[in-house]
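The values are calculated or read from the model by the stated rules, or taken from the named source; none is laboratory data. Computed from a prediction, not measured in an experiment: that's the story for all the values here. All Cβ positions, even for glycine, are placed from backbone atoms using ideal geometry, and neighbour counts span all protein chains on display. What goes into the accessible areas is simple: the full protein's heavy atoms, side chains included, and nothing from ligands, DNA or RNA. Shrake-Rupley method; radii C 1.70, N 1.55, O 1.52, S 1.80 Å.
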Amino acid sequence: MIRPRALLLDFGGVIVETARRPSWAAELAAEVHGMLGRAGFTGLRTDEVESDIRAGARADSYWKDSTSRQLAPREMTHRGFWADYVAADWPEQARALVTAEATPLCRRMGELRSDRKVRPGMEELLAACREHGVRPAVVSNALCGTVHRDYLAGSGLDREMAVQVYSDEVGVRKPNPEMIWIACRALGVDPGDVWYVGDNHDRDVVCGARAGAGATVLMVSHSTEKVPYPVRQRPHATVENPYGLLSLLEETWM
């Protein structure tokens, strides 16, 4: 495998491990219901709001799977998610309100939906990259990339990242190769000189192959084997965790 000039990392499943919070939808529904009440709207119960939030999230998940079959998928907008996936059948005022507040609502949804912790070995990996002149970056699909930025800032890892590219901020989503190309242009490197590391076959491995990354590495996470359909593209290497990725890099530094 090539010695990379940059290491492009997915967020969930690679930099951090995520665990779904069972109460997220109820908590978000209570906040949305309160927001509606403050605007003078009382036509929806909290349990109805929660049901539609859960339905919208499920529909969004199906949509994400379908976009992995597209050559150059666009990202869902915050307004589109709330107006069409959550509130499509709500009365006009309620739908207009959550559409107007779509970006902060997506941020709040991201904050409530999952607990996150840095994967063991990630800090050592980033320190080694710094020592050997390899520039780390984030390239990740996200309903709200601000949530990821906030987490990295809170953990101090943002200081290790040369650039962060999130799909909701740039308007395209993996496996659209433009996600990787945006990061490469920002770093001034050719895609053939980078490694791309992700945890999904249908989004990450396909994206790396389409972008012409010098190497595409699959890092195993709890979602790796949740493949919606077979893909022909294969990673150059598979690792279990950041320690395994560091070992691969060290082989190129010898």
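Results, tabulated for the structure shown:
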quantity	calculated
Filtered residue count, region 173-210, keeping only those that are among the hydrophobic types (A, V, I, L, M, F, W, C), within 22 Å of VAL147 (Cα to Cα) and open to solvent by less than 10 Å² (accessible area, probe 1.4 Å)	4
Region 211-254 - residue that is of a type in the set (Ser, Thr, Tyr) and out of contact with any strand residue (DSSP E or B) (no Cβ under 6 Å at 6 or more places or on another chain) and, of those, surrounded by the most Cβ atoms within 10 Å (Cβ to Cβ)	SER221
Subset of region 113-124 (residues that are within 15 Å of the chain's Cα centre (by Cα) and of a type outside the set (Ser, Thr, Tyr))	ARG113, ASP115, ARG116, LYS117, VAL118
Selection from region 125-150 of residues that are within 13 Å of the chain's Cα centre (by Cα), buried (at least 20 other Cβ atoms within 10 Å of the Cβ) and part of a helix (DSSP H, G or I)	GLY145, VAL147, HIS148
Selection within region 71-124 - part of a helix (DSSP H, G or I), open to solvent by 70 Å² or more (accessible area, probe 1.4 Å) and of a type in the set (Ser, Thr, Tyr)	THR103
Complete set of residues in region 1-20 that are open to solvent by less than 40 Å² (accessible area, probe 1.4 Å) and within 17 Å of the chain's Cα centre (by Cα)	LEU7, LEU8, LEU9, ASP10, PHE11, GLY12, GLY13, VAL14, ILE15, VAL16
Of residues in region 21-70 being open to solvent by 30 Å² or more (accessible area, probe 1.4 Å) and hydroxyl-bearing (Ser, Thr, Tyr), the one nearest to ASP89 (Cα to Cα)	SER51
